[in-house]
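A short write-up of the structure that comes next.
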Amino acid sequence: MTTLLEVRDLFKTYGAGDTATRVLRGLSLHLEEGELAALLGPSGSGKSTLLTILGTLMKPTSGSYTMLGQDMIAANDAELTEFRNAHIGFVFQFHNLLPDFTALENVVFPSAVRAGRETPAARARGRDLLKRMGLADRIDYPTANLSGGQKQRVAVARALMNSPELVLADEPTGNLDRASATQVMELLSEINREEGTTFLISTHDEKIAAACQRQIVVVDGNVTG
Amino acid sequence: MLYGLKIATRYLTANKGQTALLVTGVAVGVFIFIFMSALIGGLAEFILARTVGDLSHITIEAETEDPALLVASEGHVLAVTERGRTRDATLAEAATWLPLIETVAGVKAVSPEITGAGFLTRGAQVAQVSVVGVEAGRESAILDLASYMVEGEERVGSGVIVLGRDLADDLALSIGQALHLESSKGITANLTLGGIFETGNGSMDSARAFVSLSTARTLFSMPQGVTQIEIKLDDLNAADATALRIQSLTGLNAVPWTDDAEQLMEALDAQAQTGYFLKAFALITIVIGVASALLLSTYRRRPEIGIMRAMGAGRGFVVFVFVTQGALIGLLGGIMGAGLGYLALLPFPTREAFRPGTLPLDITQGSYGLAITLTVIAAILASILPARSAARVDPVTAIGQ
């Protein structure tokens, strides 16, 4: 297997002086391509901060990490934005869709923002992804008219739009009922199996964690198991 | 960029009511801009037409020669010819210049004239008049005499005189009556009243007498030449440049009307400055309106901006989306305001039909293209601050991760 992600001695401190809060304390992590990994740990352990840093949305206070062989610490904002768009997909706890756009328009967004327009090929892939998510009859629906589970499946489709190597999911089923949660998790597993996409899923749900090949436990800003 | 335009358009159409209100606000600003342009421009036209329209735009007068001196061989002055009270310098070769002046671009009409002072007598009544000798057929070349005629005709044939209404009333004259005109040279002519005009200008209606050029030659014993050449232009604002051109072509002393109208020009300039201020205020209102609305939109859409950034949208893309919204609002508001302005100005009379008592709004001076262009620029400038603010949104805090 090929190394996808290499994280070493990652520290993250919010604030300064007396009010400083150290969230990550020398965390190190290694992910191989094609892994389906669960990120477990109590609230406040640093899971979300780790995902945010790995998603290139925030820089750590110190430490190093490389993804696909590229040094993410040295990259500037424009380079990180481009990298994020091409190689990383996000699924948030709250779907975080663009409310004034249809399901298809939301899915196509990562591709269109890179190409400068919605290409026919991107729209075709967006439709395929939505069909795969079981939303064939909701393609042109405004996202406001979709249920919570449907919105989250649209968010999964959007995360996969640019065929990223890594999908970071922060409590993707935390806001869903059991049936919808199971459905979303089955979709993620299926894509992992069929396309080899690497998933790092932060969750409190033991059933979700059990469905993953690997469990990474974070406690007090460090990986413990 | 096409995609940025789509997002911007979608944001504007997502809140149709709010966008309509914003565009209407901009349109009102543009409407005020256009209305002020038409009013200030129309007022200037009206004032100029009323004050300068009937005057000569360029006047060529003969240079008054220096007083002649008789100097003794020892150097002291023996005699001086005192300068006369009346102007008697002549443009002796006027006839040779007229065809050349008529060909100068922008020249509408040329009128060679002999002017002087005289006394009009009818029975025991005497009135001092300013006599203007004009070529028959060119009576309306400078002052539009034909349009001011209230009785008779403006034609100044041989032995015919045309007077103002006040003067005719003072002397109790009516068309066809005979009267005597004695010039400052002491020469008398018997004339018949051929027409009465009323310009509304008191000094003209009470003291101006038009006669034919040949009659004036007799009265002022001027067998050849004229005292002045009056020139009317298509555009009275071109008087300075055209006067210079005529001067360089002929070597004659061509004086534009602006030389004697400093106060009028200052007043018009002050009026134009006021217009600029009002238009600037209208633009500032547009800038404030667009900037505040877009700032509000930026604040409301912070989570969406965060999502877009997380999905790989660069800061430049976010700036483009918000600046495009500003430009679209400016364009729509500008076109709507310009359209409304044009429609509102349509019922007003054209510049040629301005009359005292009506609002002199000149529909041709609405500056529609300028208003739309400036509005789009103002709206783009107004959107830069909100756009920069949007581009600085931290995706992590905006989407609550």
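The values are calculated or read from the model by the stated rules, or taken from the named source; none is laboratory data. Every value quoted in this text rests on a predicted model; they were computed, and no experiment measured them. As a convention, Cβ positions derive from the backbone with ideal geometry for all residues, glycine included, and neighbour counts pool all protein chains shown. Note: areas computed on protein heavy atoms with side chains; ligands, DNA, RNA excluded. Shrake-Rupley method; radii C 1.70, N 1.55, O 1.52, S 1.80 Å.
Scan segment B:305-330 for residues that are open to solvent by 20 Å² or more (accessible area, probe 1.4 Å), facing another protein chain (nearest Cβ under 9 Å) and in contact (Cβ under 8 Å) with a residue 40 or more places away in the chain and the total you get is 3. Put simply, of B:164, B:195 the only residue that is buried (at least 18 other Cβ atoms within 10 Å of the Cβ), closer than 17 Å to residue B:135 by Cβ, in the same structural domain as residue B:122 (by TED's automatic domain parsing) and within 34 Å of the chain's Cα centre (by Cα) is B:195. Of everything in segment B:232-245 that is in contact with a Lys or Arg (Cβ under 8 Å, 6 or more places away or on another chain) and surrounded by 14 or more Cβ atoms within 10 Å (Cβ to Cβ), the residue that is nearest to residue B:41 (Cα to Cα) is B:233.
Scanning segment A:85-109 for residues that are open to solvent by 10 Å² or more (accessible area, probe 1.4 Å) and free of Cβ contacts under 8 Å to residues at least 60 places away in the same chain, we see that the one that is farthest from the other protein chains (Cβ to nearest Cβ) is A:102. The residue that is most open to solvent (accessible area, probe 1.4 Å), counting only those in segment A:1-43 that are in a loop (DSSP other than H, G, I, E, B) and farther than 28 Å from residue A:189 by Cβ, is A:16. When each of B:39, B:5 is tested for being more than 30 Å from residue B:250 (Cβ to Cβ) and within 14 Å of chain A (Cβ to nearest Cβ), the lone residue that passes is B:5.
It is to be established whether one or more residues within segment A:181-201 are assigned to a strand (DSSP E or B), on the phi < 0 side of the Ramachandran plot and surrounded by fewer than 23 Cβ atoms within 10 Å (Cβ to Cβ). Quick ask: steps written out before the conclusion?
First, pick out the residues of segment A:181-201 that are assigned to a strand (DSSP E or B): A:198-201.
Adding the requirement that they be on the phi < 0 side of the Ramachandran plot leaves A:198-201.
So of that shortlist, the ones also surrounded by fewer than 23 Cβ atoms within 10 Å (Cβ to Cβ) come out as A:198.
Looking through segment A:181-201, at least one residue is assigned to a strand (DSSP E or B), on the phi < 0 side of the Ramachandran plot and surrounded by fewer than 23 Cβ atoms within 10 Å (Cβ to Cβ).
Against the test of being outside any loop (DSSP other than H, G, I, E, B), more than 14 Å from chain B (Cβ to nearest Cβ) and under 25 Å from residue B:14 (Cα atoms), the options A:127, A:114, A:123 yield a single qualifying residue, A:127. If you take the residues of segment A:59-84 that are within 11 Å of chain B (Cβ to nearest Cβ) and crowded, with 22+ Cβ neighbours inside 10 Å, which of them is farthest from residue B:392 (Cα to Cα)? The extreme case among them is A:84.
Answer with yes or no whether residue A:91 is closer than 18 Å to residue A:209 by Cβ and under 12 Å from the mean Cα position of the chain (by Cα). Reasoning before the result, please.
Details: closer than 18 Å to residue A:209 by Cβ: yes; under 12 Å from the mean Cα position of the chain (by Cα): yes.
Criteria met by residue A:91.
The lone criterion from (1) outside any helix (DSSP H, G or I); (2) open to solvent by 40 Å² or more (accessible area, probe 1.4 Å) left unmet by residue B:248 is number (1). Among the numbered conditions (1) within 14 Å of chain A (Cβ to nearest Cβ); (2) surrounded by fewer than 17 Cβ atoms within 10 Å (Cβ to Cβ), the only one that residue B:358 does not meet is (1).
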